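The values are calculated or read from the model by the stated rules, or taken from the named source; none is laboratory data. All values derive from a computational prediction rather than experimental measurement. Note that each Cβ is placed from the backbone with ideal geometry, even for glycine, and that neighbours are counted across all protein chains shown.
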Amino acid sequence: MNTMSPHSAHLEALLFVAGEAVDKKTLAQALEISLEELARASTELAQSLSGRGLTLIDIDDVLDLRASASSYEPIKRLRELELSQDLGKASLETLAIILYRRGATRKDIDFIRGVNSTTALRMLLLRGLVTKEELASDKRTAFYKATPDALAHLGVSSLEELPRFEEFSQTLKQKEVVVLQEEV
């Protein structure tokens with residue numbers, strides 16, 4: 001039975017959804033509580049996670065939810081299993097979009113593919129075939145770019161060596177312009 005306070009439970013959910021360290025002031029604002037109440041909620045959450053697969057990291061002005069050190073070996077095995085599998089159609093489609101567009105946001109990739117690409121992007125990130133960067137204009141949006149390893153994986157040394165690179169790049173741009181005009 002869950003005996004955590006609502007603040008602790010919501011804190012856990014916020015950190016899980018964020019997937020990265022979050023500033024304590026931001027968390028307190030999101031929960032509509034004081035920093036003192038946040039401190040109590042984080043202490044309670046840390047205690048409830050004791051002996052489980054997750055741990056609460058509290059460093060200076062941020063909190064983060066991470067896998068516990070005791071989970072290292074199973075996580076390592078899972079990553080090795082993931083990396084031993086073929087990329088698969090979804091990951092290859094996603095990589096092609098990133099390559100032919102010279103980078104893309106997840107929203108762009110999802111729109112082009114017509115499905116959620118989170119799993120495919122995760123696989124590409126794990127393998128080091130793409131990098132994730134924050135957009136200067138919008139820190140909440142990630143921009144994915146191909147790495148040199150992606151080109152090496154495909155056996156080419158530049159984007160221009162990809163099959164019909166110019167043709168496909170232009171086709172993607174034209175289709176995006178048409179879609180944007182239709183939305184207006």
> Going through segment 110-125 one residue at a time, which ones are surrounded by fewer than 16 Cβ atoms within 10 Å (Cβ to Cβ) and either part of a helix (DSSP H, G or I) or within 11 Å of the chain's Cα centre (by Cα) (or both)?
Replying inline: PHE111, ARG113, THR118, THR119, ARG122, LEU125
> Within segment 6-39, which residues are surrounded by fewer than 14 Cβ atoms within 10 Å (Cβ to Cβ) and over 24 Å from LYS132 (Cα atoms)?
Replying inline: PRO6, LYS25, GLN29, GLU32, SER34, LEU35, GLU36
> Taking the stated definitions as given, is ILE59 surrounded by fewer than 11 Cβ atoms within 10 Å (Cβ to Cβ) and not basic (Lys, Arg)?
Replying inline: yes
> If you check THR131, THR147, THR105, which single one turns out to be assigned by TED's automatic domain parsing to the domain that holds PHE168, of a type in the set (Ser, Thr, Tyr) and closer than 19 Å to ALA18 by Cβ?
Replying inline: THR105
>> Whether any residue in segment 156-175 is free of Cβ contacts under 8 Å to residues at least 60 places away in the same chain, among the hydroxyl-bearing types (Ser, Thr, Tyr) and under 23 Å from GLY19 (Cβ atoms) is what I want to check.
In response: no
> Taking only pairs six or more apart or across chains, which ones have beta-carbon atoms under 7 Å, a first residue in segment 46-73 that is of a type in the set (Asp, Glu), and a second residue that is surrounded by 15 or more Cβ atoms within 10 Å (Cβ to Cβ)?
Replying inline: ASP58/SER42; ASP61/LYS24; ASP64/LEU15; ASP64/ALA21
> Out of all the residues in segment 126-148, which are out of contact with any Gly (no Cβ under 7 Å at 6 or more places or on another chain) and part of a strand (DSSP E or B)?
Replying inline: VAL130, THR131, LYS132, GLU133, GLU134, ALA142, ALA146
> Which helices (runs of 4 or more DSSP H) does segment 1-109 wholly contain that include 1 or more residues that are over 20 Å from the mean Cα position of the chain (by Cα) and modelled with pLDDT of 90 or more?
Replying inline: 6-18, 24-31, 35-49
